[in-house]
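Before any comments, here is the structure.
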Protein chains: 2
Amino acid sequence: MRSIDVCLSPELIHLYNLSDKIVVVVDVLRATSCMTTALANGIERIKPVSDLEECRALQAEGFLGAAERNGQKQEGFDFGNSPFSYIDNDVKGKQLAMTTTNGTLAINKSKDAVQVLVGSLLNLSAMAEYLKTRSEDIVVHCAGWKGRVNLEDTLYAGALIDALDGEVSLENDAAMVALATYKASNDEFYSFLSNCSHFRRLSKMNIERDLRFCLTTDEFDVIPVLEGDYLVRM
Amino acid sequence: MRSIDVCLSPELIHLYNLSDKIVVVVDVLRATSCMTTALANGIERIKPVSDLEECRALQAEGFLGAAERNGQKQEGFDFGNSPFSYIDNDVKGKQLAMTTTNGTLAINKSKDAVQVLVGSLLNLSAMAEYLKTRSEDIVVHCAGWKGRVNLEDTLYAGALIDALDGEVSLENDAAMVALATYKASNDEFYSFLSNCSHFRRLSKMNIERDLRFCLTTDEFDVIPVLEGDYLVRM
């Protein structure tokens, strides 16, 4: 049986051999939730970039620009890191350049993989169904917070393992830790996460609507996949 | 209220400011269980060293030498990494030099702390009672396996948080992940851990007696504390 493994922080990803794996990158609050929402609402393709300058340059070329640091929208960009940017605005057919504190870094550190997918609770079941059609081993790469392990991405990893029930073996302890974390939530994500550090960080920013949305499962069937430097709909 | 934080791998410890913290280093299978057992059985002091050469040199000077790599006792040393070495042999008043795959590294990476303590399930309650008498914030530093997160050390961190019930706040998500992992065990450590990677690794070595012993809580009241380069009984 093929295996699923979990990397709880981008600072540990060098310990994993990705060359024959499918990697699912997750940053529930909020980068990968935004990416899923953007592609589901008609964004043509997304270029995840590491720094603000590159994002600004692409915006000048006609991309929509989304930039977040420490949870805050950055000055001079079209969007920050709210999924509602892609619901409340008409973004059909546009290209998007995006840079965030953790999520884009985790994507860029996953590029050795056979395939890089973007997961969020919003496309949880679609992701599990797709992965069931593949034969490669899987690594869930949690974006965390500035290198640290976070609760929401660990929870997602556990939820994905649970959704793949019986189809994968848990080869590594981090996968067991993630599954235990997910089970402890009793599927009450909002209350379970209400004490996590990023929740408290974001709550001060008055974005409860974002938090509730990002913790909704199966809003979309779209799976973002990395093709070259761009995320596109599979 | 003072806080408790958990670092799930020595590869993440640089993200933590230890200078005003008490650090509890844990490597349940088996380094810190051995250290606790050794001091409880009369070893005078322990020098944790990083490499085999230094361990060999100290053995030549009259120390007992304990050396493990990848779970195996190393050729030419008195002991490997079994706690029974200190129960089945008369070690009273002796000095011990010890090098292991993960545990001694985690201790050496914790030296910036106000105080470095060595925890294991064997001294769980004694550790919790001692920590209740202190006012500093606490970091549990899990030794893991070659940089990766492991189940048994994460479980210990959660068990310690649970034992400190109400006396500390959980400032960081890794602490919540550890607590969820501990709760998932239902205090049935042996069966909970029977699928973890290191258990499987060690099971092949025919050391079930070691595994069962290391998963026993409150066998000893001894708390090893680092004084200079040596671990001694507090």
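The values are calculated or read from the model by the stated rules, or taken from the named source; none is laboratory data. Since we're looking at a predicted model, the values are computed, not measured. Please note: Cβ atoms are built from the backbone with ideal geometry, for glycine as well, and neighbour counts cover all protein chains shown. Accessible surface is based on the protein model in full, side chains and every heavy atom, while ligands, DNA and RNA are left aside. Shrake-Rupley method; radii C 1.70, N 1.55, O 1.52, S 1.80 Å.
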Open item on the list: Name the residue that is least open to solvent (accessible area, probe 1.4 Å), counting only residues in region B:127-170 that are small (Gly, Ala, Ser) and away from chain A (no Cβ under 14 Å).
Closed with: B:128
- [ ] Tell me which of these residue B:10 doesn't satisfy, since it passes every other one: (1) at pLDDT 95 or above; (2) away from every other protein chain (no Cβ under 14 Å).
- [x] (2)
Open item on the list: Can you confirm whether residue B:160 is in a helix (DSSP H, G or I) and closer than 26 Å to residue A:140 by Cβ?
Closed with: no
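Considering only region A:191-230, state which residues are of a type in the set (D, E, K, R), assigned to a helix (DSSP H, G or I) and open to solvent by 30 Å² or more (accessible area, probe 1.4 Å).
The answer is A:200, A:201, A:208, A:209, A:212.
Taking the criterion of being hydrophobic (A, V, I, L, M, F, W, C) and over 16 Å from the mean Cα position of the chain (by Cα), would at least one residue in region B:142-162 satisfy it?
Here is the first cut: in region B:142-162, the residues hydrophobic (A, V, I, L, M, F, W, C) are B:142-143, B:145, B:149, B:151, B:155, B:157, B:159-161.
This time we only want the ones that are over 16 Å from the mean Cα position of the chain (by Cα), so: none.
Within region B:142-162, none of the residues are hydrophobic (A, V, I, L, M, F, W, C) and over 16 Å from the mean Cα position of the chain (by Cα).
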Task: Residue in region B:76-93 that is in contact with a helix residue (DSSP H, G or I) (Cβ under 6 Å, 6 or more places away or on another chain) and either within 14 Å of chain A (Cβ to nearest Cβ) or farther than 18 Å from residue B:215 by Cβ (or both) present - done: yes
- [ ] Exactly one condition in (1) at pLDDT below 95; (2) within 24 Å of residue B:198 (Cα to Cα) is not met by residue B:2; state its number.
- [x] (2)
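This table checks each residue for (1) open to solvent by 60 Å² or more (accessible area, probe 1.4 Å); (2) part of a loop (DSSP other than H, G, I, E, B); (3) modelled with pLDDT under 95; (4) of a type in the set (Asp, Glu).
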| residue | (1), (2), (3), (4) |
| --- | --- |
| A:25 | no, no, no, no |
| A:33 | no, no, no, no |
| A:39 | no, no, no, no |
| A:53 | yes, no, no, yes |
| A:56 | yes, no, no, no |
| A:75 | yes, yes, no, yes |
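Can you tell me which residues in region A:171-190 are touching a residue at least 40 places away in the same chain (Cβ under 8 Å) and surrounded by 20 or more Cβ atoms within 10 Å (Cβ to Cβ)? Walk me through it before giving the result.
Here is the first cut: in region A:171-190, the residues touching a residue at least 40 places away in the same chain (Cβ under 8 Å) are A:171-172, A:174-175, A:177-178, A:189.
A:172, A:174, A:175, A:177, A:178, A:189, listed by residue number.
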